[in-house]
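Taking it in order: structure first as structure tokens, then the write-up.
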Amino acid sequence: MTKLASGKDAKLMNLQVLIAVAGSPSLLDAQLRAISRCFPANTEVFVVDDSRARRHSSNDFQKRLSQQIKEVAHRGHATYLRMPQHLHLLRRKQFPKTQRPLSRSASVRTADSVQYGLGHVDQSRPIIMLDSDMLPISTFDPMTYFQDAPVWYLPQARTVNGADVVYPWPGIFFKNEMHPDVIGRMNWDCDIVDGVALDTGGAMHTWLKQSGSMAREIVGLHSGRWKWRVDAPDLPRALHEFLDFDAETNNGTQFCELFLGSFLHMRAGSNWNGQATSIYELRRSLFIQGINQL
């Protein structure tokens, strides 16, 4: 999604957004529209399409969604990248030291897609990584954050030998490559530490430690721990129907998440939690409808 900018703004921002998708062209369409509305004018978006050719829960059991995803990406002026499927079987081509050379789990597939996408962005420019169901709902200026720190991440943790191994989640991650002290190449593989398997980005735990004071944690309202009418009553009216249904199907608390007050995470956009199809499809439809009406 390339827009023209000039002068100081073009030099400062020059932002890139990386999204890895596995299905739901309609969700991608809403995401690209939201980015176009909320992000700086010269933002460039890269879409890595890792949809399966066969029917699978991640693609609504539809065959060959790639063409639809490609059309949505092009219509949204995003750079479309088809994830080479053979790299899931030949993982050492991207991760020479991987401890999971043959795994086909969803986390490993995501790691493959994210790493492939990073190979196509300009490493000298700021990068934002977003989950395929993480959408901006208000104007977002990344330089507001980059002025305080060049790296912003949402922490994940696994307990290994009584201690937490902390690593970033790829669903929302900011990195200002223009900062002179930013550490180099990132490895988003799913690591194994002392026999404990980590999710996507597990191999980033060493990188994150080395980043030290340069990295700041992204804060937000996490799934099952908030109610929008109590904790975020100023959310746009267009989202209220989705938010009410979202809580109704999650024992009265929000299943979705809100980060930095600007990013709404639908959560389980691929229905990885196996929700009843009718409920999942209505929840996704209300989410997309709300986003498009903002």
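The values are calculated or read from the model by the stated rules, or taken from the named source; none is laboratory data. Because the structure is predicted, anything quoted here is derived from the model rather than measured. Because the Cβ atoms are built from the backbone with ideal geometry, glycine has one as well, and the counts that use them run over all protein chains shown.
Details
- Some residue of region 56-71 being modelled with pLDDT of 95 or more, in the same structural domain as Met204 (by TED's automatic domain parsing) and of a type in the set (A, V, I, L, M): yes
- Just one of the listed residues (Leu239, Leu135, Leu235) is surrounded by 20 or more Cβ atoms within 10 Å (Cβ to Cβ), outside the structural domain of Arg109 (by TED's automatic domain parsing) and of a type outside the set (Asp, Glu), namely Leu239.
- Within region 268-294, the residues that satisfy the criterion of being closer than 15 Å to Met134 by Cβ and either assigned to a helix (DSSP H, G or I) or assigned by TED's automatic domain parsing to the domain that holds Arg37 (or both) are Arg284, Phe287, Ile288, Gly290, Ile291.
Residues are listed down the side, and each one gets a yes or a no for (1) charged (D, E, K, R); (2) assigned to a helix (DSSP H, G or I):
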position	(1), (2)
Asp181	yes, no
Asp189	yes, no
Met204	no, yes
Leu208	no, yes
Ser211	no, yes
Leu235	no, no
Leu239	no, yes
Asp244	yes, yes
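- Within region 5-48, considering residues that are buried (at least 20 other Cβ atoms within 10 Å of the Cβ) and of a type in the set (S, T, N, Q), the one modelled with the lowest pLDDT: Ser24
- Residue list for region 132-154, filter: more than 22 Å from Ala22 (Cα to Cα) and either out of contact with any helix residue (DSSP H, G or I) (no Cβ under 8 Å at 6 or more places or on another chain) or among the charged types (D, E, K, R) (or both): Asp141, Pro142, Thr144, Tyr145, Phe146, Gln147, Asp148
- Flag if Val160 is buried (at least 16 other Cβ atoms within 10 Å of the Cβ), touching a residue at least 24 places away in the same chain (Cβ under 8 Å) and either assigned by TED's automatic domain parsing to the domain that holds Val108 or farther than 20 Å from Asp112 by Cβ (or both): no
- Where helices (runs of 4 or more DSSP H) fall entirely within region 19-136, those with at least 2 residues that are more than 23 Å from Thr277 (Cβ to Cβ), touching a Lys or Arg at 6+ places or on another chain (Cβ under 7 Å) and in contact (Cβ under 8 Å) with a residue 40 or more places away in the chain are at 106-118.
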